[in-house]
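Participant: This structure is in structure tokens; I'll ask about it shortly.
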Amino acid sequence: LLEGSRPTLGVVAAGVSFEQIYSKLPDSLSTLPCYRFIPNTAIALRESMSLLSAANTSPEQDKLMMDLLGQLGKAVLIPQEMLAAGTSLTSCGTGFALQFIKANVQVAIEMGFSPEQATELIAQTVKGAAELLLENKTTPEVEIRKVTTPGGITIRGLNEMEASGFTASVIKGIKASLL
């Protein structure tokens, strides 16, 4: 990432703009190439969905950074204006997904499964559902239709979740996490 003798700055911090970063630097560094990146905790397993935003960088530097972050999961280069929304979806999203898993594990234990069995059942189910979307390049609606039948148990469960405000609650939670 070094361009001659000029370093490239990388910042891992939500809610700190390029303008704020550059304002802390001497004027002589005001055009320093800079990246803001937001990984999530799955980076520990090389499964992060990382966000990257760039200022004063070259396409070659961007490619190098994307390749680097690609070694730690998946990465997308987005405009700075989208980082707050992206952080709510990918970084906070890990917590939101785990809350959904937690609720499923709780009811599985109530149904008689051990905590270990419940966690494995639910985690693998959620992982498989995510893989269906990624591999098939479909939408949640398409995959939901594949597992629901009129009057069946899946549609009954989905209807009950919606009657309790599931989708609205998820949307409110994500919007509340915006910086």
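Participant: Under 1.5 on a/c is rounded, so check that first for the stretch 86-176, then, if it is not, pick prolate when a/b is larger than b/c and oblate when it is not; a ≥ b ≥ c are the square roots of the alpha carbon gyration tensor eigenvalues.
Facilitator: Numbers: a/c = 1.26, a/b = 1.07, b/c = 1.18.
Taking the square roots of the gyration eigenvalues as a ≥ b ≥ c, the stretch 86-176 is rounded.
Participant: Only helical DSSP H runs with n ≥ 4 go in: add -39500 (n - 2.57) per run for the chain, normalise by residue count and round the 222 nm mean residue ellipticity to 500 deg cm²/dmol.
Facilitator: Details: 7 runs with 98 residues, N = 179.
After summing the helix terms and dividing by residue count, I get -17500 deg cm²/dmol.
Participant: For the stretch 9-82, what does the alpha-carbon gyration tensor say about shape, rounded, prolate or oblate, given a ≥ b ≥ c as the root eigenvalues, a/c under 1.5 as rounded, and a/b over b/c as prolate?
Facilitator: On the way: a/c = 2.38, a/b = 1.69, b/c = 1.41.
Because a/c hits 1.5 or more and a/b exceeds b/c, the stretch 9-82 counts as prolate.
Participant: Dipole size in debye (nearest 20) for the stretch 9-82 around its Cα centre, Lys and Arg Cβ +1, Asp and Glu Cβ -1?
Facilitator: On the way: 5 positive and 7 negative charges, 40 e Å.
Roughly 200 debye, rounded to the nearest 20.
Participant: Taking the structure as given and computing Cα Rg over 2.2 N^0.38 Å, which label from (1) 1.15; (2) 0.96; (3) 1.30 fits?
Facilitator: Only one listed value fits the structure, namely (3).
Participant: Now, a different point. I'd like the Karplus ³J(HN,Hα) series for the stretch 124-133: coefficients 6.51, -1.76, 1.60, θ = phi - 60°, whole numbers in Hz, and an x wherever there's a Gly or Pro.
Facilitator: Here the 3J(HN,Hα) series is 5, 5, 5, 4, x, 4, 5, 5, 4, 5 Hz.
Participant: Of all DSSP beta bridges located in the chain, what percent are antiparallel, nearest 5? Numbers along the way, then the final one.
Facilitator: Working: 6 of 14 bridges.
In the chain, DSSP labels about 45 percent of beta bridges as antiparallel.
Participant: Just want the ordering: Leu178, Leu32, from fewest to most Cβ atoms lying within 10 Å of their own Cβ.
Facilitator: Working: Leu178 11, Leu32 18.
Exposure proxy ranking, most exposed first: Leu178, Leu32.
Participant: Let me ask something additional. Which value, in debye to the nearest 20, gives the size of the charge dipole of the stretch 25-127 about its Cα centre, when Lys and Arg are +1 and Asp and Glu are -1 at the Cβ? The partial results should precede the final answer.
Facilitator: On the way: 6 positive and 9 negative charges, 17 e Å.
Its charge dipole is roughly 80 debye.
Participant: Which ordering of Ile38, Ile153 is given by a fewest-first count of other beta-carbon atoms within 10 Å? Working shown, then result.
Facilitator: Details: Ile38 21, Ile153 10.
Starting with the residue having the fewest Cβ neighbours, the order is Ile153, Ile38.
Participant: To the nearest 20 Debye, how big is the dipole of the chain about its Cα centre, given +1 on the beta carbon of each Lys and Arg and -1 on that of each Asp and Glu? Please list the in-between numbers first.
Facilitator: Working: 14 positive and 17 negative charges, 31 e Å.
The dipole magnitude comes to about 140 debye.
Participant: If you don't mind, another one. For the chain, what is the relative contact order in percent, using Cα pairs closer than 8 Å and at least 6 residues apart in sequence? Walk me through the numbers on the way to the answer.
Facilitator: Working: 174 pairs, mean separation 29.5, N = 179.
Reported as a whole number, the value is 16 percent.
Participant: Taking other Cβ within 10 Å of each residue's Cβ, how do Phe166, Phe18 sort, fewest first?
Facilitator: Phe166, Phe18
Bear in mind these aren't lab numbers, they're just calculated from the coordinates by the rules spelled out. In this text the structure is predicted, and so the values were computed from the model without any measurement. All Cβ positions, glycine included, derive from the backbone under ideal geometry; neighbour counts span all protein chains shown.
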